[in-house]
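See below for the structure under consideration.
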Amino acid sequence: MEKQPQRIVSDSGFEIEVVRKDEGYFHVRVSRANVIELILSAKQRCGKNILQLISVVDRIEDDIFQLTWILEDTADSSVFIVSADYPRENCSVPTFGDIWPTAVIFERELHEMYGIEFPGNPRQYEDFLLEGWKELPPMRRDFDTLEYSIRTYGERRKRIHTDPRKFIAETTGEWDTPVPMKDEDR
């Protein structure tokens, strides 16, 4: 029998799915319509004053990006994790750059690597790591790394395997020659 996820209702009346709850660790999933309210509430009412990370999982088979925000309370080191699903096509996610300056950098990276738009992020169109990149964002699962590599660098030469013992013997002529010992080592 499959265990049903625990669900709770927020003060505003929207449903929150509890993914995992341990001491000092609370991970929830929420609809994307309620992400802003939940994260702001966690900061203002629960003291989650540090944004540790924003991450993405590309669930290409479900045609969604799962975004996850990891928040921490510096007073007790407790962690609050919020996940929500967004459509892959023309993905647009509200910025948290006005609340946490570090969000601007995380969002910039996610824009460059996945093509996710963060309206209101003043730096999302600046190059982050991939200077001048104009192709499909490389962390998307539909990016063909082999095709890109062949197109950019050409076909790889076939590797020729050589037995190291044979190579040493042909080069030095001494593979089977014992190493001479010093008198004091005898």
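The values are calculated or read from the model by the stated rules, or taken from the named source; none is laboratory data. Not measured: the values here are computed from a predicted model. For neighbour counting, all protein chains shown are included, and Cβ atoms are generated from backbone atoms with ideal geometry for every residue, glycine included.
Conditions tested, residue by residue: (1) modelled with pLDDT of 95 or more; (2) among the aromatic types (Phe, Trp, Tyr).
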residue: Gln4; (1), (2): no, no
residue: Val9; (1), (2): no, no
residue: Phe14; (1), (2): no, yes
residue: Arg20; (1), (2): no, no
residue: Glu23; (1), (2): no, no
residue: Val28; (1), (2): yes, no
residue: Lys43; (1), (2): no, no
residue: Gly47; (1), (2): no, no
residue: Gln52; (1), (2): yes, no
**OP:** For the stretch 58-79, enumerate the residues that are on the phi < 0 side of the Ramachandran plot and surrounded by fewer than 13 Cβ atoms within 10 Å (Cβ to Cβ).
**Re:** Ile60, Glu61, Asp62, Thr74, Ala75, Asp76
Subject >> Test: Tyr125 is touching a residue at least 40 places away in the same chain (Cβ under 8 Å) and closer than 26 Å to Leu40 by Cβ >> reply: no
Original post:
Which of the residues spanning the stretch 19-38 are surrounded by 13 or more Cβ atoms within 10 Å (Cβ to Cβ) and among the aliphatic types (A, V, I, L, M)?
Top reply: Val19, Val28, Val30, Val35, Ile36, Leu38
**OP:** Evaluate the stretch 4-16: report whether one residue or more is closer than 29 Å to Met113 by Cα, touching a strand residue (DSSP E or B) at 6+ places or on another chain (Cβ under 9 Å) and either surrounded by 13 or more Cβ atoms within 10 Å (Cβ to Cβ) or β-branched (Val, Ile, Thr) (or both).
**Re:** yes
Original post:
Hey, does the stretch 39-49 have a residue that's surrounded by 15 or more Cβ atoms within 10 Å (Cβ to Cβ), of a type in the set (D, E, K, R) and assigned to a helix (DSSP H, G or I)?
Top reply: yes
